[in-house]
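The block underneath contains the structure these notes are about, expressed in structure tokens.
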Protein chains: 2
Amino acid sequence: MMPKAPVFLMAPLALFAHDLMPVPAKLQPGAGRLRIDRNFAFVQLTGYREPRLEAAAARLVEHVARKTGIPMAPAIGKHAPEAPLIVYCDHASAPVQTAQEDESYRLTVTPMGARLDAPNPLGVLHGMETFLQLINLDASGFGVPAVMIEDHPRFPWRGLMLDVARHWFPLADVKRTLDGMAAVKLNVFHWHLSENQGFRIESQRFPKLQELGSDGEYYTQDQVRDAIAYARERGIRVIPEFDMPGHTTAWFVGYPELASAAPPAPGPYQIERQWGIFDPAMDPTREETYQFLDAFIGEMAALFPDEYFHIGGDEVNGKQWDANPSIQAFMRAHGIKGNEELQAYFTRRVEAIVEKHGKKMIGWDEILSKDMPHNILVQSWRGQKALADAARQGVGGILSNGYYLDLGYSAAHHYAVDPLGEGAADLSEEQKRLVLGGEACMWSEFVTPELLDTRVWPRMAAIAERFWSTQNVTDAADMYHRLGAVSRDLEWLGLAHVSEYEKMLARLAGAGPVAPVRTLADVVEPVKDYAREAARPYDRFSPLNRLIDAARPDSETVRRFAALVDHRQTAGDIQEIREYLTLWRDNHARLAPILASSALLAEDAELSKDLSAIAEAGLEALDGKHDPAWIAEKTALLDRAKQPKAELLLSVEPAIRKLVEAAR
Amino acid sequence: MMPKAPVFLMAPLALFAHDLMPVPAKLQPGAGRLRIDRNFAFVQLTGYREPRLEAAAARLVEHVARKTGIPMAPAIGKHAPEAPLIVYCDHASAPVQTAQEDESYRLTVTPMGARLDAPNPLGVLHGMETFLQLINLDASGFGVPAVMIEDHPRFPWRGLMLDVARHWFPLADVKRTLDGMAAVKLNVFHWHLSENQGFRIESQRFPKLQELGSDGEYYTQDQVRDAIAYARERGIRVIPEFDMPGHTTAWFVGYPELASAAPPAPGPYQIERQWGIFDPAMDPTREETYQFLDAFIGEMAALFPDEYFHIGGDEVNGKQWDANPSIQAFMRAHGIKGNEELQAYFTRRVEAIVEKHGKKMIGWDEILSKDMPHNILVQSWRGQKALADAARQGVGGILSNGYYLDLGYSAAHHYAVDPLGEGAADLSEEQKRLVLGGEACMWSEFVTPELLDTRVWPRMAAIAERFWSTQNVTDAADMYHRLGAVSRDLEWLGLAHVSEYEKMLARLAGAGPVAPVRTLADVVEPVKDYAREAARPYDRFSPLNRLIDAARPDSETVRRFAALVDHRQTAGDIQEIREYLTLWRDNHARLAPILASSALLAEDAELSKDLSAIAEAGLEALDGKHDPAWIAEKTALLDRAKQPKAELLLSVEPAIRKLVEAAR
């Protein structure tokens, strides 16, 4: 029997420099290069056809035009030129996209043309994104290097959760996010739609949910259908989350009878304006609660076609339950011992409702109890160990711990987290298959539409690679190199992570020059984890227009400088280090007048002084060896500079410390 | 009788540094500052109300939030805070906006609050833009300095013409352009909808116009209505232009019988792909032509509410008329001497049709003939003298000569052109009133949606000031200072002139670093006037992705450097000059590897070498006096560097030449 395709030899990737992210499963470099010109308009679809494929081809042509600046020619005359890319799609994908679909594709590029083969449209969509990423500019012009790629994802569940409740994001932000997701082959958009701080979707059955619970900031059902269709066009599932029984204050503004506060009267409730964990929770002991949820979930289950339905389930503090005598009486009557058991009772009841409406339930770690049916899915904010425990119970899961984009960590930090690492590493192969993948989470206490792209991108692309590429793709330096190229590609898609950064710096500078502000901003990072919330009180109305809001969790400047310090060998290296340090040393004098005239920047004066001081220490260190007194003095200086100020870290400090220590 | 408002004393503007553009008619600084915080949400409308005012207030709040990064608070609780801005509108403006409306407003800002008074919504809209521009950041936070402004435009007709025919601009580009226009108080959007290269609007009466004449790139009538409504919301009139009898090849693809080509058969015609002036023109001798135009203009006159209807009329070369025996016979039979008279005959016929459909005719210079009715309006591409001639005939006009944004001139160049300058300066006051204002023109041979914002903005704002502010507002340095602030404000509106520049530079750099590309790009300018078209053949499909396409007609870097050279006195000045020169001298070495690996940049190698060479000469000049041989050598070098290369000028050359000459 003849093999259906040429045998692949796995070539070391380094031999073929590419900017692909995620890295494909198999890649075989070829010889030569396919030129990209105006005739790329003539992409040809063959095999199975559907409108989604036509739209995808048109989008690809449009994206190629944007990336290259080459206008694509409309069909002129009778004889179209030969197709530069022939797409073959074998058959349809499922009417409603599932986590069980074949997402593979094969892409072959030769100097004569390219061919993309996929069993179904999902693979076609992914292969087109790969093709787009492969386009680059060299001395001969725009083109795609000859290559054969066979690709498929490692995990079937590759998601991003967006919290549109704490801060509100209009539909355009959602669509732009979906564009970015498709570019890096993510396939699940998890829409966190309700919170203490807002109920963000129209219910026709219970209109007071959005009318009283949203400040008017919610999606109509037409908009939701629009977003779902937009996502499906891009191979992305949409899963709604309605967090319950906690995180539900906004529901109670319109429907206080759902809450558990003790009689005489629950409520009135107000939309929550603070951040944190709050007491209000649904009353799990009243049948009316389940009648409401039955009707509500029925309405939403009909609106969202995905097979999964997310019910949240996290962070119930139980205080309203403890304080309500009738709930306590119910627990005694039914032998329910403690709030954890009471929530498990609630979750089982809700699971039955979800199932009744034809859906499978997904929720955070807390939904798992021992007698839960096995077709639920656990989204773990706790970690791989929790997923492993679920898998050993026969319950599937996805990882979010380690992928919280709101916590200020670098791309490399998230990149190092593996859904099957840590506590899940010793699962059996069968158990491992229950870990379906992961989802990054964009909680929005500190994110607004203005900041969204800068907080999601480009880091999200590194996590997307973790979910798609094989487990051994872990080289952070290589990842960062490719992340730069992906970041540029994302800008052509309309994502604004670069331009918004510049606009924020200009705002901070006020009437002053932006350059000194950029110099400081390029070497600071937000404090990590939950340190920001601990630093001062924040709420829904806190302006997010400070340096911490502009500061990137990942600084290319700092990475470059740190690499120079680590590998310094040539005079050129030393010279470049010296130039950086001189720029930083002199920056405070340039920034001082701006600090004095910008109320937004005033808080960063100490940080700026610290940068100058440690840069000067670094320059002295470059000049030769120093005595222990000098070392002690500079170490103390570095220790002070290491302390967070204005919720920012001077992320260049560790590299300068190395220089100081080397001068010992 | 008490004066209705405090007496204004005209204070020298320099005492009150502001970033207003256009400069208002009268400005009286006050004491203190109105703080801007989340309560700005509570703008209060009083007096005459209409939905447009509600929308404008909501937009103002949204724009303040974007500019400051301060989230505006929704109404919470029963007691709203005091209104930070009270708007009083006296009465409605005309149902269809005209060139005769009162656009004045009065804005009073005190530390306690602000008040905006206007006779009608147009003044309110302008006053709101002034308020938004006044917001700045100082050591106390965001606020508006106390001030009283009484403002009204110098000219009632302040326009921008966008050619959407040579290159196509989707509706989103049009709307974004309207946003920018409103921000600088422009009030006429002139929509150049048909050309040899495309017919860009749906005709239901003659559908082959768009079906065969547009490559599918046209606006539906619903989209046109949407744009007109969007413009009216912003105080902007929309005037369609259908250029005839020339510039009409795209019409003839579907309706060849309109053309003048000699029998046996006119056509078939193809959409024109080249740039230039072409032979096809309507046949002015056949009654069927006027029957067609009567039906077509009737359809379009119903769609566009403005009182004016633009029929183009420019650049008919007459070759088809000369070559057609039956047209020649017609001319003899009717005593028509020459093509100019034939066009005048056509224009009078068309004028009657336009008038029949309730509109006044506007057209380019060529429409004016001695027996034309006086209610037409001439848009002059020829200059103030032509306008003066029309005014002496009692015919009104607007100036476009001097305001062509496609010709690569600086903001200062356009700023120096006055509609009542040059040949119109000696008109009587009554005649001057016939000059209604002006329109900038964005012809689109070299503009795509990607480039649109970079080619229109921020220069358009300087022209808008020319049209609005008093004639004595002419200080270019002051204009540039304010233009920088306006440019930043426009970015918050969503205009992409800054971010697109950066994206284009990144594309040019390919896989290389962007910084050396930016260094070169920041000191070059496109060749001026029609030199680009002369440099090489271009057509509709020419990629506009080269350095000339990124290069700005105005370089802030060059202005700064030239100012330093002119005023160099301190050691600091000399040091800054030296730093610039050193950067430029060393740039070619940095850029060389990128030039070698980017097909797009390769053509700029000579330019880059020239920059290095003249910068080195500049550095030597700083070091002291030199002998005549040195001067002669460097002058020759500068002369060579002055020559355009790759359609670019090294715009820093004149300033370096000054340094060289000073070293004599």
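The values are calculated or read from the model by the stated rules, or taken from the named source; none is laboratory data. Since the model is a prediction, treat every value here as computed from it, not as a measurement. Don't worry about glycine lacking a Cβ; one is built from the backbone with ideal geometry, like all the others, and counts go over all protein chains shown. Remember, those area values only see protein heavy atoms, side chains included, never the ligands or the DNA or RNA. Shrake-Rupley method; radii C 1.70, N 1.55, O 1.52, S 1.80 Å.
Of all residues in the range B:504-516, those that are more than 8 Å from every other protein chain (Cβ to nearest Cβ) and more than 22 Å from A:Val144 (Cβ to Cβ) have Cβ atoms under 6 Å from Cβ atoms of residues that are in a helix (DSSP H, G or I) and open to solvent by 10 Å² or more (accessible area, probe 1.4 Å), 6 or more apart or on another chain, in B:Leu505/B:Arg518; B:Val514/B:Ala506; B:Pro516/B:Arg590. Would you please name the residue that is farthest from the other protein chains (Cβ to nearest Cβ), looking only at residues in the range B:517-552 that are among the acidic types (Asp, Glu) and crowded, with 19+ Cβ neighbours inside 10 Å? Top of the filtered list is B:Glu525.
Looking at the structure I just gave you, is B:Ala323 among the small types (Gly, Ala, Ser), open to solvent by 40 Å² or more (accessible area, probe 1.4 Å) and in contact (Cβ under 8 Å) with a residue 40 or more places away in the chain? For B:Ala323, the condition - among the small types (Gly, Ala, Ser), open to solvent by 40 Å² or more (accessible area, probe 1.4 Å) and in contact (Cβ under 8 Å) with a residue 40 or more places away in the chain - is met. Each residue in the range B:483-502 was checked for being over 16 Å from the mean Cα position of the chain (by Cα) and in a loop (DSSP other than H, G, I, E, B), and 2 of them qualify. Pairs are defined by a Cβ separation below 8 Å, a sequence spacing of at least 6 or placement on different chains, a first member in the range A:18-42 that is β-branched (Val, Ile, Thr), and a second member that is open to solvent by 50 Å² or more (accessible area, probe 1.4 Å); the pairs so defined are A:Val23/A:Leu13; A:Val23/A:Thr470. Looking across the range B:561-575, not a single residue is surrounded by fewer than 17 Cβ atoms within 10 Å (Cβ to Cβ) and within 26 Å of B:Asp406 (Cβ to Cβ). Scanning the range A:597-630 for residues that are over 17 Å from A:Ile548 (Cα atoms) and open to solvent by less than 20 Å² (accessible area, probe 1.4 Å) yields a total of 7. Taken over the range A:163-215, residues that are over 17 Å from the mean Cα position of the chain (by Cα), over 18 Å from A:Ser444 (Cα atoms) and not in a helix (DSSP H, G or I) amount to 6. When the range A:171-181 is filtered for residues that are among the hydrophobic types (A, V, I, L, M, F, W, C), open to solvent by 10 Å² or more (accessible area, probe 1.4 Å) and touching a helix residue (DSSP H, G or I) at 6+ places or on another chain (Cβ under 7 Å), only A:Leu171 remains. Please work out if B:Val109 is among the β-branched types (Val, Ile, Thr), within 14 Å of another protein chain (Cβ to nearest Cβ) and either open to solvent by less than 50 Å² (accessible area, probe 1.4 Å) or part of a loop (DSSP other than H, G, I, E, B) (or both). Criteria not met by B:Val109. Just one of the listed residues (B:Glu211, B:Glu241) is at negative phi, touching a helix residue (DSSP H, G or I) at 6+ places or on another chain (Cβ under 9 Å) and either in contact (Cβ under 8 Å) with a residue 60 or more places away in the chain or open to solvent by 10 Å² or more (accessible area, probe 1.4 Å) (or both), and it is B:Glu211. Scoring A:Phe189 on the criteria (1) touching a strand residue (DSSP E or B) at 6+ places or on another chain (Cβ under 6 Å); (2) over 24 Å from A:Gln221 (Cα atoms); (3) crowded, with 24+ Cβ neighbours inside 10 Å leaves a single failure, condition (2). One residue stands out in the range A:23-40 among those that are within 14 Å of chain B (Cβ to nearest Cβ) and either open to solvent by less than 50 Å² (accessible area, probe 1.4 Å) or at pLDDT below 95 (or both): the one that is nearest to A:Gln471 (Cα to Cα), namely A:Ile36.
To keep it simple, each residue is scored yes or no on (1) of a type in the set (Asp, Glu); (2) in contact with a helix residue (DSSP H, G or I) (Cβ under 8 Å, 6 or more places away or on another chain); (3) open to solvent by 40 Å² or more (accessible area, probe 1.4 Å).
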site: B:Ser260; (1), (2), (3): no, yes, no
site: B:Tyr269; (1), (2), (3): no, yes, no
site: B:Glu288; (1), (2), (3): yes, yes, yes
site: B:Glu299; (1), (2), (3): yes, no, no
site: B:Pro305; (1), (2), (3): no, yes, yes
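Among the residues of the range B:282-299, those that are of a type outside the set (A, V, I, L, M) and within 35 Å of the chain's Cα centre (by Cα) comprise B:Asp283, B:Pro284, B:Thr289, B:Tyr290, B:Phe292, B:Asp294, B:Phe296, B:Gly298, B:Glu299. Within the range B:139-170, being over 28 Å from B:Leu436 (Cα atoms), surrounded by fewer than 22 Cβ atoms within 10 Å (Cβ to Cβ) and more than 13 Å from chain A (Cβ to nearest Cβ) holds for one residue alone: B:Ala146.
Going through the range B:129-138 one residue at a time, which ones are open to solvent by 30 Å² or more (accessible area, probe 1.4 Å) and outside any strand (DSSP E or B)?
Pass one, the range B:129-138, residues open to solvent by 30 Å² or more (accessible area, probe 1.4 Å): B:129, B:136, B:138.
Residue satisfying the conditions is B:Glu129 alone.
Could you please let me know if B:Ala295 is assigned to a helix (DSSP H, G or I) and either within 28 Å of B:Lys175 (Cα to Cα) or touching a His at 6+ places or on another chain (Cβ under 8 Å) (or both)? In short, no. Looking only at residues in the range B:485-503 that are within 23 Å of A:Leu490 (Cβ to Cβ) and facing chain A (nearest Cβ under 8 Å), the one that is surrounded by the most Cβ atoms within 10 Å (Cβ to Cβ) is B:Glu491. In the range B:56-68, the residues that are closer than 14 Å to A:Lys503 by Cβ reach residues that are surrounded by 20 or more Cβ atoms within 10 Å (Cβ to Cβ) and polar (S, T, N, Q) with C-beta atoms within less than 8 angstrom, at least six apart or across chains, in these pairs: B:Thr68/A:Asn545. Taken as a whole, the structure leaves B:Ser555 outside the set of residues that are buried (at least 18 other Cβ atoms within 10 Å of the Cβ), within 14 Å of chain A (Cβ to nearest Cβ) and among the small types (Gly, Ala, Ser).
Would it be correct to say that A:Ala94 is away from every other protein chain (no Cβ under 14 Å) and without any contact (Cβ under 8 Å) to a residue 24 or more places away in the chain? Yes; evaluated as a whole, the condition is true for this residue.
The residues listed here are B:Gly438, B:Gly394; of these, the one that is of a type in the set (Gly, Ala, Ser) and in a strand (DSSP E or B) is B:Gly438.
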